[in-house]
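Asker: One structure, pasted below without further comment.
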Amino acid sequence: MMTMTKTKAIVNPDEYYQRSEVSNSDLTELKNQLHPHMQYGDREAAFRFGSIVDAIITEPSRVDFLHMTIDGEQCSEEEFLHAREMQRALRAEARRDPFLAKVLELSDTQRFMVNKAQEFDNGGFRFTLDTRCKWDWWLPSCHFGGDLKTTFASTQAEFDNAVDFFDWDRSRAWYMDIAHSDRDFIYAISKKNCRIFKKFINRGDDIYNRGREKYEELAFQYWAFNLV
């Protein structure tokens, strides 16, 4: 029988999350304040589960696989075994996908970057913000990286829609511009059927341009609100 525990956030103790520079998550929080909308599903539970998958795949040193804990925080058997199933699906995909195999083999994981006084242009008005990001995967020899996502999408079309709906395009453009990289990628694992979806982004393509337009508007609003 699977044992259940009360849902509680998995809090990453990394000092990155206490830093003062503006992150993509800060922009998301601002967007939710400016444009509140109905939430579908349990956002906190989804964030918790995504944090478990991230830790198992990119930060296994934080995980006690025998006792099903992350940083000492107990996971339910159900969520932990589900996350492990998704990890196995990603590894199986890597046997068919040479690029993913190299990502899993060669990437620096959970690497953070800071860009002091990053320049922004909002309709000709220039301003600066100190910015930060934290990569799930960073390939130092290639000078680009990518993101790991969990998703309720079960088809390619649903995943494509999720990239825009959840502003994953914005996060990828944000990361690319902090790192001054010209390429980026997303690998997403379906929570429903463990199917693997992928998206490759290049500077100047539709996904990058849409994402940059999104973050430039929010960055200006963030800068303006912090003047008062």
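Asker: For the chain, what class follows from the C-alpha gyration tensor (a ≥ b ≥ c being the square roots of its eigenvalues): rounded when a/c is under 1.5, otherwise prolate if a/b is larger than b/c, else oblate?
Answerer: prolate
Asker: Once you charge only the Cβ atoms, +1 for Lys and Arg and -1 for Asp and Glu, what is the size of the charge dipole of the range 41-225 about its Cα centre, to the nearest 20 debye?
Answerer: Approximately 440 debye in magnitude.
Asker: According to a simple spin-label model (label point 7 Å from Cα along Cα-to-Cβ), what is the distance in nm between ASP130 and ASP206?
Answerer: 3.9
Asker: Mind sorting TYR187, TYR17 by how few other Cβ atoms lie within 10 Å of their own Cβ, fewest first?
Answerer: Least to most surrounded, the residues fall as TYR17, TYR187.
Asker: So, in nm, how far is label SER61 from label GLU119 when the simple model puts each one 7 Å beyond its Cα toward the Cβ?
Answerer: Taking the two extended label points, one gets 3.7 nm.
Asker: Further question on the same structure: In deg cm²/dmol and to the nearest 500, what is the mean residue ellipticity at 222 nm of the chain if only DSSP H runs of at least 4 residues count, each as -39500 (n - 2.57), divided by the residue total?
Answerer: That calculation yields -13500 deg cm²/dmol at 222 nm.
Asker: Taking the range 54-105, which trypsin sites (Lys or Arg not before Pro) meet the DSSP loop condition and have no more than 11 other C-beta atoms within 10 Å?
Answerer: Passing both the DSSP loop test and the Cβ count: ARG95, ARG96.
Asker: Enumerate the residues in the range 179-194 having an amide nitrogen under 18 Å from the point lying 7 Å beyond the Cα of SER76 toward its Cβ.
Answerer: 191-193
Asker: Continuing with this model, one more query. Only Cα pairs under 8 Å and at least 6 apart count here; give the relative contact order of the range 41-225 as a rounded whole percent.
Answerer: Relative CO of the range 41-225 lands at 18 percent.
Asker: At 7 Å along the Cα-to-beta-carbon direction for both SER141 and ALA224, put a label point, then send me their distance in nm to one decimal.
Answerer: Each label point is offset 7 Å from its Cα along the Cβ direction, giving 4.7 nm.
FYI, it's all coordinate maths here, none of it is from the lab. Not measured: the values here are computed from a predicted model. Here Cβ is always computed from backbone atoms with ideal geometry, including for glycine, and neighbour counts include all displayed protein chains.
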